[in-house]
Amino acid sequence: MQVKGTVHKYGDNVDTDVIIPARYLNTSSHEELARHCMEDIDADFVKTVKAGDILVAKKNFGCGSSREHAPIAIKASGISCVIASTFARIFYRNSINIGLPILECPEAAEGIQNGDTVRVDFSTGEILDETTGQTYKAQPFPPFIQNIIDKGGLLNSLQK
């Protein structure tokens, strides 16, 4: 599977309270969560994000509380993939569980810039920055994780 989109880039230690502020956790509506995704760090995010776009960040993305609301808000906003130097472990697992593809690649997280157009091939782990022509290599998902993502999350993969 491949995705291609425009990059929205952030720095280190983007925590779950910034991804989806706690004041919006009283809803389980994915659409409502998406309307407030990233608003405390980037007020224009929800106005500029398009289906298929890619979020890139540096180290420790998704740190903070263990809520699933954060990856749900990102996925529901239209983001097709998150690339970061490193992820908080609980955020990493929550993302896989809800079917949000995430890749660790420090070189890509450093080199890719906001607004670049990026193509990601999940089967090979290849990340191509079409804006600069630079190629990066992330570890591809093992087949069982790719199956979870392809089916839209852990529960869907178990049901099918």
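The values are calculated or read from the model by the stated rules, or taken from the named source; none is laboratory data. Note that the coordinates shown come from a computational prediction; the quantities given were computed from them, not determined experimentally. All Cβ positions, even for glycine, are placed from backbone atoms using ideal geometry, and neighbour counts span all protein chains on display.
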Which pairs have Cβ atoms under 7 Å, sit 6 or more apart or on different chains, and link a residue in segment 113-131 that is of a type in the set (D, E, K, R) to one that is part of a loop (DSSP other than H, G, I, E, B) and modelled with pLDDT of 95 or more? ASP116/THR131; ASP116/THR132; ARG119/GLU130; ASP129/ILE112; ASP129/ASP116
Scan segment 88-103 for residues that are closer than 18 Å to VAL3 by Cβ, touching a helix residue (DSSP H, G or I) at 6+ places or on another chain (Cβ under 8 Å) and not hydroxyl-bearing (Ser, Thr, Tyr) and report the count. 6
Only residues that are without any contact (Cβ under 8 Å) to a residue 12 or more places away in the chain and touching a strand residue (DSSP E or B) at 6+ places or on another chain (Cβ under 6 Å): list them for segment 132-160, please. THR135
Looking at LEU100, is it free of Cβ contacts under 8 Å to residues at least 12 places away in the same chain and crowded, with 18+ Cβ neighbours inside 10 Å? no
Residues that are out of contact with any helix residue (DSSP H, G or I) (no Cβ under 8 Å at 6 or more places or on another chain) and closer than 16 Å to GLY153 by Cβ, drawn from segment 59-87: ILE79, SER80, CYS81
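Per-residue answers, yes or no, for (1) in a strand (DSSP E or B); (2) modelled with pLDDT under 95; (3) surrounded by fewer than 24 Cβ atoms within 10 Å (Cβ to Cβ):
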| site | (1), (2), (3) |
| --- | --- |
| ALA43 | no, yes, yes |
| GLY52 | no, no, yes |
| VAL56 | yes, no, no |
| SER65 | no, yes, yes |
| ALA73 | no, no, no |
| ILE79 | no, no, no |
